[in-house]
Amino acid sequence: MLKIIDKYILKRYLGTFTVMLLMFIPIGIVIDVSEKVNKMIENKVAFSAIARYYLDFTIYFANLLFPIFLFLSVLWFTSKLANNTEIIAILSSGISFSRFLRPYIIGATIVSLFALVMTIFLVPRASAGFNNFRYMYLNASGPEGMRDNNDVFRQISKDEYIFVSNFNEVSKMAFNFSMEKFDGDKLKYKLLASRIKWNPIQKTYTLYNYNKRKVGKFGDIIESGEVKDTVFKFDIEDLTPVVYIAETLPLNELNKFIDKEKARGSSNINVYLVVLYKKYSIPVSAFILTIIAVAVSSMKRRGGMGTNLAIGILLAFTFVFLDKVFGVLAEKSSAPPLIAVWTPNIIFGILALYLLRNAKR
């Protein structure tokens, strides 16, 4: 049963967090619009597409900065309680600090479950829409254009490799396609095409302006043409940029995709694992950051709320910095992704226990 004090703190916890989201997300949208409005006008983007983009942007942005929003909201209202001497009155009434912390843990549980549902079901779909819009309208010359820096190089089997310089998720078309097959260290054949398009109904690929060279012992055999329908062993997802595909897959599909990539011996497997492990690490961070925020802000300091906010902002950005650093470390080095992704939570978990111990005193 929740007591009056529990309902009071829990209401402030959830209310301040909601207000923080409602306050910062519009600011993020305004900044994003100011940066991209020229591209939208230039490419004549429909209003419905823009509205859907900013709906996806809201979910994507909220999930990305969820730890900072939560930490600052708890820090803010708890500092206000301490500044009004409400916490002193609560603890002086005989309530222990652990008991005072209970509504915070309940609030963290609610927010964590909400974040977990978002990252499993809502964020992948929002990420797909967010990235599709950027790839179609913002980073290229229009729906038929693509970015110049999203090259995909993928090993699809023990001795086969594919490469595309650009991939359009909406039209299911890739550009500057190349496929190579080796026998040991010797090239058996190389296939080039200016474009390759996936046909979902026929389950085939269409090559445009293709050229295939088979390397023979006494001479090469060359085949070329303007258009050709064919079948390949790789999936259309294999042409998608690495992080792009990982971010857009729901949890069950992401697990299957990772298993398939492991079986192929993919060199990019760590990138997929980082995305998978962060789906669980971010909700857990809600508990850790809540405890740190309460421990830091529950004391009435001489500098008032400003001191608590300064300490809290420093800790919040340190957490985000470590999260990004260890995430990149897991993707680009041989560091185990599970350990790298959870290291910020482990470090700040130890810090939370230390601060909580001192706060109880």
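The values are calculated or read from the model by the stated rules, or taken from the named source; none is laboratory data. Nothing here was measured: the structure is a model prediction, and the numbers come from that model. No Cβ is skipped: glycine too gets one built from the backbone with ideal geometry, and neighbour counts run over all protein chains shown. Calculation scope for accessible area: heavy atoms of the full protein, side chains included, ligands and nucleic acids excluded. Shrake-Rupley method; radii C 1.70, N 1.55, O 1.52, S 1.80 Å.
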In terms of the alpha carbon gyration tensor, root eigenvalues a ≥ b ≥ c, rounded if a/c is under 1.5 and otherwise prolate when a/b exceeds b/c or oblate, region 1-114 is prolate
Give me the percent of accessible area attributable to carbon and sulfur for region 214-314, probe 1.4 angstrom. 58 percent
Hey, what's the chain come to in accessible area per residue, 1.4 Å probe, Å²? 52 Å²
Can you pull out the trypsin sites (Lys or Arg not before Pro) in region 35-112 whose DSSP state is coil and whose Cβ has at most 16 other Cβ atoms within 10 Å? Lys44
On a 0 to 90° scale, report how tilted helix 337-360 is relative to the longest principal axis of the chain, with both axes built from alpha carbons and the result rounded to the nearest 10. 0 degrees
Would you work out the relative contact order for region 200-268, in percent, from Cα pairs under 8 angstrom that are 6 or more residues apart? 25 percent
Too long for a 32 Å Cα-Cα cut-off, among Lys172/Lys278; Lys36/Lys260; Lys36/Lys300; Lys36/Lys212; Lys197/Lys262, are Lys36/Lys260; Lys36/Lys300; Lys36/Lys212
From DSSP H assignment alone, runs of 4+ in the chain each adding -39500 (n - 2.57), the sum over residues rounded to the nearest 500 puts [θ] at 222 nm at -20500 deg cm²/dmol
List the residues, sorted by chain then number, that are 5 or more residues from Phe232 or on another chain and whose placed amide H is less than 5 Å from its amide H. Tyr205
Taking square-rooted eigenvalues a ≥ b ≥ c of the alpha carbon gyration tensor, is region 210-255 rounded, prolate or oblate, where a/c under 1.5 means rounded and, failing that, a/b exceeding b/c means prolate? prolate
Taking the chain as the reference, fit the longest principal axis to its C-alpha atoms, fit the long axis of helix 251-264 to the helix C-alpha atoms, and give the angle between the two in degrees, 0 to 90, nearest 10. 50 degrees
One would report the antiparallel percent of DSSP beta bridges in the chain, rounded to the nearest 5, as 100 percent
Anyone know which of Phe319, Phe24, Phe177 comes out most mobile in the 10 Å Cα GNM of the chain? Phe24
Using only alpha carbon pairs under 8 Å that are at least six residues apart, calculate the relative contact order of the chain and give it in whole percent. 19 percent
Gaussian network model of the chain, Cα springs within a sub-10 Å range: biggest mean-square fluctuation belongs to which of Ser98, Ser281, Ser79? Ser98
Below 15 angstrom from the Cβ of Thr16, what's the summed charge of the other residues (Lys, Arg +1; Asp, Glu -1)? +3
Run down the aspartates and glutamates and flag those whose C-alpha is under 19 Å from the C-alpha of Lys3, throwing out any fewer than 8 positions away in its chain. Glu86
With the full set of protein chains in place, find how many percent of the accessible area of region 1-105 is carbon and sulfur; take the probe as 1.4 Å. 70 percent
Relative to the longest principal axis of the chain, what angle (0 to 90°, nearest 10) does the C-alpha long axis of helix 269-297 take? 10 degrees
Find how many whole Å separate the alpha carbon centroid of region 83-139 from the alpha carbon centroid of region 1-69. 13 Å
Largest fluctuation, Phe71, Phe121, Phe17 only, Gaussian network model of the chain with Cα springs under 10 angstrom, belongs to Phe121
Set of lysines with alpha-carbon distance to Lys217 below 17 Å, sequence-local pairs under 8 removed: Lys181, Lys186, Lys188, Lys190
Dividing the mean separation of Cα pairs under 8 Å (6+ apart) by the residue count of region 92-230 yields a relative contact order in percent of 11 percent
